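Asks: This is the structure I want to talk about, given as structure tokens.
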Amino acid sequence: MGPVFKHYDLELVVPEFSSSLTDLIIELDHLRRKKLSGSTRPAVFFQLKNIFHTLESIGSARIEGNNTTIAEYIETKLAEAPPSNPGIREIVNMEQAMAFIDENVNVRDADFNRAFVSELHKKVVEGLLPPPDGEGDHTPGIYRTKSVSITGSAHKPPEPIQIEGYMDELLAFITRKDEPKYDLLKVAIAHHRFLWIHPFTNGNGRTVRLFTYAMLVKQGFNVGVGRILNPTAIFCCNRENYYRYLSSSDTGEEKDILSWCEYVLKGLKGEIEKIDRLLDYDYLKREILLPAISYSQERKSVTDVEARILKKAVEMKELRASYLKDIFPDKKPSEISRKIGRLKDRKMLMPIEKGARKYVIRFANNFLLRGIIQLLGDKGFLPIKDDV
């Protein structure tokens with residue numbers, strides 16, 4: 001027997017008060033409202049945010065079968081060349097879509113409507129060939145007009161004539177004013193329902209993972225005020241679990257929907273708690289930044305002198321020319337400033353603010369990036385682990 005369509009009503013399924021899912025909701029609500037504070041400078045922290053956005057994009061693409069390695073993608077970023085490889089282009093699209101969300105979604109505004117979903121889908125498939133040759137779509141941003149099936153699933157998505165009604169219902173469900181305690185349940189339920197509908201011919205998985213990110217940002221898990229959010233890590237660290245929970249929820253049974261919600265929220269809590277540790281600068285310095293410089297030094301990506309300067313910048317939290325006197329006791333201030341200038345030119349130091357003569361380490365777009373990603377992976381911060 002082939003896949004079968006089975007309608008079930010979209011409802012807010014509420015767990016029992018004594019359940020572990022209720023405990024998760026309470027804990028996540030606390031994390032959402034908790035004022036973030038830490039000793040890591042924003043100039044450093046937001047470089048980490050960009051790295052996690054990159055890895056989020058790679059992870060989401062890998063769920064769909066993209067085999068691009070972290071090392072391959074880093075080489076493209078360092079070369080600063082337009083992507084020619086379709087696998088790279090797919091990941092770039094995801095990064096650009098996440099940047100679009102960061103710029104356009106916050107707690108106060110941003111309408112989650114058909115236009116917003118369509119825009120996300122357009123960004124996901126932009127410049128990609130449609131199947132069977134690529135991961136694009138013949139009709140970007142437009143609901144599908146033909147029947148589809150989902151590989152390995154017993155669920156048959158609704159027919160094209162039904163899509164608009166189901167999507168309107170889903171968007172109304174997301175935007176209606178329920179009590180805030182139900183917000184995260186709605187995120188998990190909406191993620192499954194979107195894939196259950198499968199509104200586009202291709203790119204549904206990538207689009208819904210971006211949409212899930214947008215919903216979380218809108219609900220207060222806002223990267224703009226200092227939190228890194230990596231929701232795709234929940235799904236791509238074990239693709240089989242992701243598909244298994246999604247598939248079991250296709251029944252529409254309350255127990256299966258609640259199991260899916262617990263899977264999503266448990267993963268989200270773990271990711272938030274883990275990544276928020278990077279706000280502790282002593283931890284970040286000791287476990288990530290200093291070892292990453294040594295990693296780059298061993299591979300001759302930086303010279304021994306450059307490594308000493310960068311380590312001083314990390315140890316002191318910020319770098320001024322006067323801090324390098326112990327490294328260069330016989331050098332004139334102008335000579336020391338030139339050494340700093342060379343590292344600025346190599347994009348390994350950056351001013352704390354425009355015009356300032358105080359600097360922090362820069363690693364987002366240079367050869368230090370390999371070491372940072374390697375150490376983040378070694379310490380368990382990454383859902384995907386490649387040697388770089």
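The values are calculated or read from the model by the stated rules, or taken from the named source; none is laboratory data. Note that the structure is predicted; figures quoted are calculated from it, not measured. Positions of Cβ are backbone-derived with ideal geometry, glycine not excepted, and every protein chain shown enters the neighbour counts.
Asks: Tell me, yes or no, whether segment 378-387 has at least one residue that is outside the structural domain of residue 44 (by TED's automatic domain parsing), touching a Cys at 6+ places or on another chain (Cβ under 7 Å), among the hydrophobic types (A, V, I, L, M, F, W, C) and in a loop (DSSP other than H, G, I, E, B).
Replies: There is at least one residue in segment 378-387 that is outside the structural domain of residue 44 (by TED's automatic domain parsing), touching a Cys at 6+ places or on another chain (Cβ under 7 Å), among the hydrophobic types (A, V, I, L, M, F, W, C) and in a loop (DSSP other than H, G, I, E, B).
Asks: Still on this structure, I have one more. Just one of the numbered conditions (1) modelled with pLDDT of 90 or more; (2) of a type outside the set (Ser, Thr, Tyr); (3) under 26 Å from residue 233 (Cβ atoms) is not true of residue 279; which one?
Replies: Going through (1) modelled with pLDDT of 90 or more; (2) of a type outside the set (Ser, Thr, Tyr); (3) under 26 Å from residue 233 (Cβ atoms) one by one, residue 279 breaks only (1).
Asks: Continuing with this model, one more query. Please determine whether any residue of segment 337-346 is modelled with pLDDT of 95 or more, closer than 27 Å to residue 75 by Cα and surrounded by fewer than 16 Cβ atoms within 10 Å (Cβ to Cβ).
Replies: No, segment 337-346 contains no residue that is modelled with pLDDT of 95 or more, closer than 27 Å to residue 75 by Cα and surrounded by fewer than 16 Cβ atoms within 10 Å (Cβ to Cβ).
Asks: Next question. Select, from 56, 90, 95, the only residue that is in contact with a His (Cβ under 8 Å, 6 or more places away or on another chain), crowded, with 17+ Cβ neighbours inside 10 Å and under 16 Å from residue 124 (Cβ atoms).
Replies: Checking each option against the conditions leaves just 95.
Asks: Could you count how many residues in segment 291-302 are crowded, with 18+ Cβ neighbours inside 10 Å and over 24 Å from the mean Cα position of the chain (by Cα)?
Replies: Residues in segment 291-302 being crowded, with 18+ Cβ neighbours inside 10 Å and over 24 Å from the mean Cα position of the chain (by Cα): 6 in total.
Asks: I'm told residue 87 meets every condition in (1) within 20 Å of the chain's Cα centre (by Cα); (2) touching a residue at least 60 places away in the same chain (Cβ under 8 Å); (3) farther than 30 Å from residue 351 by Cα except one. Can you identify the failing condition by its number?
Replies: (2)
Asks: If I go through segment 340-369 residue by residue, how many of them are assigned to a helix (DSSP H, G or I) and either under 17 Å from residue 295 (Cβ atoms) or out of contact with any Pro (no Cβ under 9 Å at 6 or more places or on another chain) (or both)?
Replies: 7
Asks: Would you confirm whether or not segment 187-208 contains a residue that is buried (at least 23 other Cβ atoms within 10 Å of the Cβ) and either in contact with a Cys (Cβ under 7 Å, 6 or more places away or on another chain) or farther than 30 Å from residue 151 by Cα (or both)?
Replies: Scanning segment 187-208 turns up at least one residue that is buried (at least 23 other Cβ atoms within 10 Å of the Cβ) and either in contact with a Cys (Cβ under 7 Å, 6 or more places away or on another chain) or farther than 30 Å from residue 151 by Cα (or both).
Asks: Those residues that are on the phi > 0 side of the Ramachandran plot and either part of a helix (DSSP H, G or I) or in contact with a strand residue (DSSP E or B) (Cβ under 8 Å, 6 or more places away or on another chain) (or both), I need them from segment 284-333; list them, please.
Replies: Hit for segment 284-333 is 317, nothing else.
Asks: Between residues in segment 156-168 that are at pLDDT 95 or above and residues that are loosely packed, with under 13 Cβ neighbours inside 10 Å and assigned to a helix (DSSP H, G or I), which pairs lie under 9 Å by C-beta distance while being six or more apart or on different chains?
Replies: Listed by first residue and then by second, the contacts come to 158/165.
Asks: Kindly indicate which of 126, 135, 119 is charged (D, E, K, R), buried (at least 21 other Cβ atoms within 10 Å of the Cβ) and either closer than 29 Å to residue 86 by Cβ or within 26 Å of the chain's Cα centre (by Cα) (or both).
Replies: Within the list 126, 135, 119, the selection yields 135.
Asks: Moving to a separate point now. In segment 68-79, is there at least one residue being among the hydrophobic types (A, V, I, L, M, F, W, C), under 18 Å from residue 120 (Cα atoms), in a helix (DSSP H, G or I) and not assigned by TED's automatic domain parsing to the domain that holds residue 371?
Replies: So far as segment 68-79 goes, no, none of its residues is among the hydrophobic types (A, V, I, L, M, F, W, C), under 18 Å from residue 120 (Cα atoms), in a helix (DSSP H, G or I) and not assigned by TED's automatic domain parsing to the domain that holds residue 371.
Asks: Of the residues 21, 31, 55, 78, which is hydrophobic (A, V, I, L, M, F, W, C), at pLDDT below 85 and farther than 17 Å from residue 275 by Cβ?
Replies: Exactly one residue qualifies, and that residue is 78.
Asks: Would you mention how many residues in segment 34-44 are in contact with a helix residue (DSSP H, G or I) (Cβ under 7 Å, 6 or more places away or on another chain) and modelled with pLDDT of 85 or more?
Replies: The total comes to 2.
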